Structures are given as structure tokens and as C-alpha cells.
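The block underneath contains the structure these notes are about, expressed in C-alpha cells.
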Amino acid sequence: MKFVGIVGTNARHSYNRMLLEFMQRHFADQAEIEILELTDVPMFDESNDQTDSDVIQQFATKIEAADGVIIASPEHNHSIPSALKSIIEWLSFKIHPFDGQAVMIVGASYSVQGSSRAQLHLRQVLDAPGVNASVMPGSEFLLGRAQTAFDDQGNLKVQGTIDFLDSCFAKFQKFAEIVAEMNAPEALSFNPGTYEVTATGHNGELPMRVTLSADRIEDIEIDTSSETKGIADVAFERIPKEIIDGQTLAVDAISGASITSHGVIDGVARAVKEAGANPDELKKRRATKAVAKPKVTEVTTDVVVVGAGGAGLTAAAKVLQAGHQALVLEKFPAVGGNTVRAGGPMNAADPDWQRQFAALPGEKRSLQELTELDEAQIAPEYRADFRTLKQQIKTYLADNADQTGTLFDSTLLHRIQTYLGGKRTDLNGQQIYGQYDLVKELTDNALDSVKWLKSIGVKFDETQVTMPVGAIWRRGHKPMGDLGFAYIQTLKDFVEKQGGTIMTETPVQKLLVTDGQVRGVVATNADHEQVIVHADAVILASGGFAANTKMLQKYNTYWTAIDDDVKTTNSPAMTGDGIRLGTSVGADLVGMGFSQMMPVSDPNTGELFTGLQVPPANFVMVNQQGKRFVNEYGSRDELTQAAIDNGSLFYLIADEAIKKTAYNTSQAKIDQQVADGTLFRANTLAELAEQIKVDPDVLTKTISDYNHYVDAGSDPEFHKTAFDLKVEVAPFYATPRKPATHHTMGGLKIDTGAHVLDHQGQPIDGLYAAGEVAGGIHAGNRLGGNSLSDIFTFGRIAAANALADHETAVTE
Amino acid sequence: MKFVGIVGTNATQSTNRQLLQYMQRHFEQQATIEICEIKDLPAFNEPDDRAAPSTVQQLSDKINVADGVIFATPEYDHSIPAVLKSAIEWLSYTTRPLINKPVMIVGASNGSLGTSRAQAHLRQILEAPELKALVMPNVEYLLGRSLQAFDDQGNLTYPDKVQELDNAFDEFVDFVDLTTKIMPSSQFFEKSKQFSWKQVTGEE
């Protein structure tokens, strides 16, 4: 057998070293013992990861390869020495070579104690979950008064001591064999067949078929038709592949899709169990990964883009179209960023197209009201546009005075609505609105963005003009296919076909700056290798920070409170990385205090379509006392602030009739959620009240009052402006809801050319930003459908300038 | 009263540091707490001359003049971090400022157990004859779920934990008073302010 012996101290003179050296010689005919020293092991520091250093890698490799480990520990202050504790901390931080390894503890000390207390501590330390060693029980070898124990040749003097060590060592060899057997993968045999199980996905249960032969997992098929495209696709592809390739269930979850990853793994585990085998055996089968030495890869390209969402892929596509090279770095395993979660339609005024549609009742009224708006309320830089718009509207109203008319729109209406929609005042009384030049750039170019998307293959459904939630006006261009994913799929294919490179799982750590000019980035790839990218320009397109609660709380000046456990509707990737990168080279920030919340989100996941998500006319919102607290037809901001004022958590009350108006659900999903306790259902309101822990009398009265208001068509309490159904048909439902973060309006300060500006308002050479990472456009509130216009427009602008600036520089 | 608070980790982000900073402000009427970092101490390595490096000497001097010491420890692998153990080894091997020094142990962890096992180890370590600290008995302050425990101003947001800390700190102040009464300095005499493990055996 082959063992590793660790000298548990860095002292120059050590009786523990002598003890190990004695064991090495004495047991030479039975086993090979390689002695490792702690001398060069750095002090453990979680803030300065040195797992990849030679000394720690050497310990890891040797321990993994050995049949067992013998640790000889002195006792310092009734415990193990810090030097020994330090190596164990390194070997339980990012790597776990002790996991399942047989360990024998011995110890020598000056006193009669013989390290008795240190050995007990060491046992407990080795039992910790990050270490998870298999320590041999019993047979404690304590060498007291070690200074008298050895002769001049370093041999133990007392025969009784040697005999006891012999018996301990014999037992350890046997123990090591048993431990190895315990950890060896058992030969598994399945009852062959195809097993129908379910996997838990992002949006609920997914049917899954697992085909097993007598000794192998042959096939895993997942029906993903009910999942949102783009979010977890990578988990559905990669996890089954890794399970089948490695014939193991010990596969790592994919960041950003961990629920789905575990859902798939657990589903296969159930199939294995149904086939009569023990899934834990498959979880033990670790696909042994060799610890690779860190490598550095250097790449040179023209433009490097940080983030593979809509803005980043657009920028890359534009660079490639101009005949230059582009490299996109994405920290997550899948491309798409937040764009795959977008509802789909993008705003762009296209009057020639919109004119095909008849105006809706109320639209003329809205236009009329706009012309009556006091000009003093319009910021001076927008006034000229506002006057021209008023003329356009007056002409339109006069032309259509005696008929329904067709849908009106113009670039100016889009601009003024973006401006008015973004106007907000924060808690400090600071007013904010969209920066004129940026809003003009956005609205002037949005239609060109639609046209450009069409030119690279995005297909739009031109038979309908839609109004995305919170958009104010019908100018949404809706792609065919799967909402946000439709853009990403086309862009990704285009980028790859044009020879662009997308590196996923490659987070950018810092910007490369030479003489004040940004000339590339440093990133780390999935194999922990450093990737250094040299480029003429860097485009930051890494999204906002709605998934970074600490950062939201730090900058927030708009909401009275943001809970520590606030959830987000966004991808978990949205942690403000680009903002950090930008500010690290002196970029200025704008509008950081303003963020958007989705008031009616799942309190556990931030998801929108769980429980009974119904049209707002059917919302009946009650707080944790069972009372209504707001006009449920109010704006997102009004609902959010009211919820925050009521302790964030509230319930949507519904009945059987309202249930039928819910989006994106099915009876099966509803039953499952009731069973899981994430949705409440009862035959009477009183029982429902008990389930959600509110006073039954209060809830019953709240609902009976509400029903009266529906009958009367008016709500004297909260002035709800639109009603539909009453709450009266059992069973009754309560859907728990909480506001979740949705969009961050603030970000890097840019100019109309997407150049990132420093605190003096000067462009930072070589640095560009597009999409949610940049601020100044949407100001206090972003219109629904404008984020897509923003990413595709500024993504194109950033690329064009990154190339143009560089070409000028070369000519000069 | 004047206390020294020792941050038991070298990590840049530490809720144990936050806990001490909170205690420093929260108890400023009752005591001055000077927060000491151990991240810049060298790793312990028995020096031939038994001399404390200057950073260890500085820490030791602060402990010497303090009325008591508060250790805030994380838990790594069911025990205290190596870096804290190293600092204690320096003190035990060179200047021994903890002899008869009243000590309060607190700890914060992101899990729910709040460093219970590390604290038990630390208690045993501080009671070793090389250290002879007077660790306050009976009181154990464990702060679990510490990543969510502090708001932006660094205030502890769990009301029950604030109350518990108030009680623990009151007891510690009483404990310090009491120990000065029962421990006249003349009564206890250490052979040597310098210690070695060999000494235990009477070899020197």
C-alpha cells in the first residue's frame, strides 16, 4: 500500500517528524510512506485563493493518489498547530482531496499527554463536511514524553510502544482497504426499460423519460415545451449529456440554472431507484477531474464584447458585418442574458405600418390630453419637439374628427412618451428625466434597429401591433417564435456564421489599460485558466444589477426600503459587473438610485407566472392583515410602494371564475403548487384566511366590501379604476406575492456614440457601453418595450463607433 | 472599561469584523473596544530567540493594557481558522499577555449554528496552561445567518440577537469586575513570561 504522512508542524525540530520517519523505515516492507512537510504552505486566506499554487496542488495530488493518509500532530495550546490547520483549510476550500480518504492520526508531545487533546480536535476537524475524511476510530497512538522515546538512530526505544504501533498500523491497513471498498462504485444493475419521471424545471414539473439498459443510463429525454426558451436550455442539454457520458449523478449544477440542473439530476435518480438500483452509488461516482495547472491563453481581436445578451450580440454582429473580428465573453454557460426573459415586443414608431391598424377607443383621448399638457411642465430641451408633436397630433385629430381613424404614431410621440414616462422624483426630492440627446438617439434609431434585425433574419409578426406591459402606446414589434429567445437565437447564429467567437463561462475580471486607453480585458474561463484579450476597443454589454441586492440597496434613493431577501425577475447574472469594470477605470455613473420593481412576483423565486397571475382588473390584493391596501389597477410603482409600506408580502385573492383568467398556468400546475404550499386554496374564505394566517372575519369583510364595489362600479376606499369579476365562487385562492427587482435604470454615463464618459465628461479611450449597463436614457422609469429598442440601438452604435474611432486613430 | 476585540480571520469580507464593529458602536457608553486585526501577523513558526515579531508585540501590548479581550471567530472545518490559531500560538509562545485576562468569545457564521464548534475549541485552547486566559463561563454568543444580519449601517437587525448580546456584554463587564477582585496580581506567579513546550516537562 501507498500512504502519505503529513508532519503536522512547520518546526525545524519535531518528534512528530521523527515518529513518521520511524514508521517509514519500520513499515517499509508493508507499505510505502511518503512524508510531506508543511514548511512552504501559505497561511490559508479565503480572500487570496492560492489553491492553484504548486505546494497545495502537490498535497492534493499526492493525497488523492494515496491509499491513506497518516497525520502526525503535536499539540499546541490544547489543539493542533496552525500550520496543520492551514493546509486542511486549503484542502477543504475549493478542492476536497480528503473526501472519503482513510486517515490515521498519531501524535507525539513533550508532556505525558502525547497530543491527546490535539488528536480529538483533529478528528473533529477531519469530520467537517468540507474535509469529509474517514478517520480510523479507536487505536489512538499517543506518544508522551517524546524527548525520551527515541534512541540515537531515531528508533522507538520501548518494545511495548512499538508493538502497539504495529497493531495500530495493521489495523489502519485493513481500515484503508475497507474505506476504499466503501467508496468504490458498486456495480449497478438496472431493470432495463424506459421510466417516466418528472424533473423540476423553472416553471414547474417537466415530463422526463429515462431509458436504462441492464448496466447503463442510455438516454434521457426531457419535454421542455412548457419552459421559457433560453433560460435553462443549457441545463437540459448539458446535464443529461454529462450524466450519460460519465454514467454518474455527481455532475455540477450549472450556474444560473441550478434549479433545473438539480431537477434533472433528481429526476434521473428517481428513475434509477424505480429500476431497482441505489442512486447514491451513482452520486458517489465522481467523474475524476485532473487538477490542471493554470494556463494563460492570450487572444488578439479587434473588438471584445463583455456580455452575450441582446446588446452584446448585436454589437458583435455589427463588428463582424463591417469585416472586423469580434470576441464575446459571457460569464454564464448560456448566451442570452436578460434578453431571453424579455416579453418580446420592441418599441419603434413606424407610422406607415401602424396606420394599417384602427385606433382604439381612448387613444384619441390620450392624444388630446397630451396636447393640453402645460408646456411649463416639459423640460426646456424637449419643448421644441413637444410643440412639433402637438402640431402633428392636432393635424391627425382634425383629419380623423368624424371617424375612428387609424393608429397614430411618430418618432416624436415615442420620444416625448419616453421622456414623460421616465420623469420621477426620488425620496430626496431629486427630479430625474431622460437625457435629451440619448432619448433622441434612441427614438430616431429604433425603427432602423427593427429593420436591421429583419436584415439578419429576425422575423416579426407584422399582422399585429402590440403594447408591451407598461409601454403606454401600441408600437411594439413582436418577433415570431419564442419571445426574447427569438432575437437571441438569430443573433447567436449570425455571429457564429460570420466567424465571431462566443466564449461562455468566461467572466471578465478586469480591463486592460495602457496609457489611459482601454485595450482589452482579463478573464477566467471554465477551466480556471486566465484569458487575456488584446483588442482595440471594449464594449461593455453586461446588463444591470437587479440581481445584486447589496448594490441596489447601496444606491437606492427611490424606494423607501429594499428587503434583504428581495427576489428578481432577472437572470441571476445581473450583478453590475460592467458597472464595476467601468468605474475601475474612472467612468462616471448616472441615475443609479432608480430601479423598477415588478410588484406581483413570486416571493420565493421572483417569477411572474406562478400562482394565479390574472389581469389587473381581477386583482384583489390583501395585506398580511387581510385588508385591501391599494388601487389594484394602479401603476407598477404605486403597487410596489404600497406593498413595501405593507411589509412587502401580500396576497392576490381569487375565486374559481377569476382562476380561469390566469395566464400561463394549468390545473395540474395549480394542484402542484397547492400541494407544495406555494398557493393556497380553500372552500370558504374563512378557511383561506386561516391558511394565510389572517383574521377570518377581516378577510370575509374585505371581500364582501370588494364585491359591493364591483356591483356599484366604484370603490370609495381605494378608487380602483377598472373592475371585472367578483370573488364569490368556491374554491377560493390566495397567491402570495412580493415586489421583485426588474430593471435598473442607472449605470455608466455614456454619450450618443455609446462612449463611456469619465467624471469630466470626456470619453474614456477604447471603452463603450450599451444596454442596461449604461444609464441616462430611461431615467426614473423605463417604458415597457423600450429596453429592447435600447439594446439593439445602442449595441449597433457602440460597434460602429468602436470601429470608426479606431480607424481614425490609425489614419492619424 | 477598555477592551481589545480580535477579528479572528484574515478574510477581506467578514461578518465577525462587522459584529465587532457593531459592538464597538453599540457599547460605546459602557466600554471602549479597540478592534485588532491579525491578518498581517506572520504565520507562526517557533523562533529560536523566542522574540515576538513587532506586529505580535503591538497586539500583545494592547492586550496587556486592556481590561479584557473579545475574540470574534468564524468556524472553518469545525474549528477556529488557522490564522487565529497562529496568532494565539505567537502570544502563547512569546509574550503571554492573556494570563488571567478576562475573555469573551463571540462568533458569526452564515450557517445556522453560528460557530458553536469553533467556540468550544477556542475555549479549550485559551484554557491551555501556556495561555491561562480567564474565559467567561456560561455565556456563549453564537450569531447564525450572519450574512443577512447587518443592515447598510452595519447594525444588527435581529432584535432577539441584539438583546442577547446586550445581556452577554453586561455579564462580561460584571465578569471583568469580579475577576479583578478575586485575582490579586501578587497571588499568581508565572515562572516565565516566555513559554516553550519543552518547559512543560521541566526540561528547562
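Any read-out appearing in this document is the output of simple, stated calculations on the displayed coordinates, not a laboratory observation. Since we're looking at a predicted model, the values are computed, not measured. No Cβ is skipped: glycine too gets one built from the backbone with ideal geometry, and neighbour counts run over all protein chains shown.
For the protein assembly as shown, the spherically averaged projection of the C-alpha convex hull amounts to 49.7 nm².
Look at where the Cα atoms of segment A:703-772 and of segment A:29-108 average out, and the two centres are 53 Å apart.
Going by neighbour counts of Cβ atoms within 10 Å, the residues A:Tyr195, B:Tyr76, B:Tyr93 line up, fewest first, as A:Tyr195, B:Tyr93, B:Tyr76.
Using a Förster distance of 22 Å, how high is the FRET efficiency between A:Lys2 and A:Asp166, based on the Cβ-Cβ distance and rounded to 0.05? My answer for the efficiency is 0.70. Among residues other than A:Gly344 with Cβ under 10 Å from its Cβ, the summed charge is -1 (Lys and Arg +1, Asp and Glu -1).
Under a model in which nothing but the beta-carbon of Lys, Arg (+1) and Asp, Glu (-1) is charged, chain A shows a dipole of about 580 debye around its Cα centre.
With R₀ set to 30 Å, the beta-carbon distance separating A:Ser366 from A:Tyr663 gives a calculated FRET efficiency near 0.75. In degrees, nearest 10, range 0 to 90: what is the angle between the Cα axis of helix A:411-422 and the longest Cα principal axis of chain A? The helix A:411-422 is inclined about 60 degrees to chain A. Working note: Debye formula, equal point scatterers on the alpha-carbon atoms of segment B:29-170, no solvent; log10 I(q)/I(0) at q = 0.18, 0.19, 0.22 Å⁻¹ is -1.12, -1.22, -1.50.
On the basis of the beta-carbon distance and an R0 of 35 Å, A:Ala379 and A:Glu205 show a calculated FRET efficiency of 0.10.
The helix-based estimate of mean residue ellipticity at 222 nm for chain A, built from -39,500 (n - 2.57) per DSSP H run of four or more residues and divided by its residue count, is -11000 deg cm²/dmol to the nearest 500. Under the classification rounded if a/c is under 1.5, otherwise prolate if a/b is larger than b/c and oblate if not, where does segment B:1-50 fall, given a ≥ b ≥ c as square roots of the Cα gyration tensor eigenvalues? Oblate shape, in that a/c is at least 1.5 and b/c is the bigger or equal ratio. Within a Cβ distance under 12 Å of B:Glu164, other residues only, what is the Lys/Arg minus Asp/Glu net charge? Here the count lands on -4. Label separation (A:Gln691 vs A:Ile178): 5.2 nm, computed from points 7 Å beyond Cα along the C-beta direction. The Cα atoms of segment A:424-517 cover 51, 47, 24 Å along the three principal axes, with the biggest extent listed first.
The angle between the Cα long axis of helix A:116-127 and the main principal axis of chain A comes to about 40°, on a 0 to 90 degree scale.
The angle between the Cα long axis of helix A:483-497 and the longest principal axis of the Cα atoms of chain A comes to about 70 degrees, rounded to the nearest 10. One quarter of the convex hull surface built on the alpha carbon atoms of segment A:1-89 amounts to 6.1 nm², the projected area averaged over directions. Applying both filters, DSSP loop and at most 15 other Cβ atoms within 10 Å, to the GluC sites (Glu not before Pro) of segment A:426-519 gives A:Glu462. Look at the dipole of segment B:67-152 built from charges on Cβ: of B:Ala133, B:Met104, B:Thr115, the Cα furthest out on the positive end belongs to B:Ala133. Full extension of the segment from A:Val698 to A:Glu34, taken as 0.36 nm per residue of separation minus the current Cα-Cα distance, would add 231.6 nm. The stretch between A:Thr463 and A:Gln530, if pulled fully straight at 0.36 nm per residue, gains 19.2 nm over its current Cα-Cα span.
Separation of the alpha carbons by more than 25 angstrom is noted, of A:Lys2/A:Lys273; A:Lys62/A:Lys171; A:Lys94/B:Lys62, for A:Lys2/A:Lys273; A:Lys94/B:Lys62.
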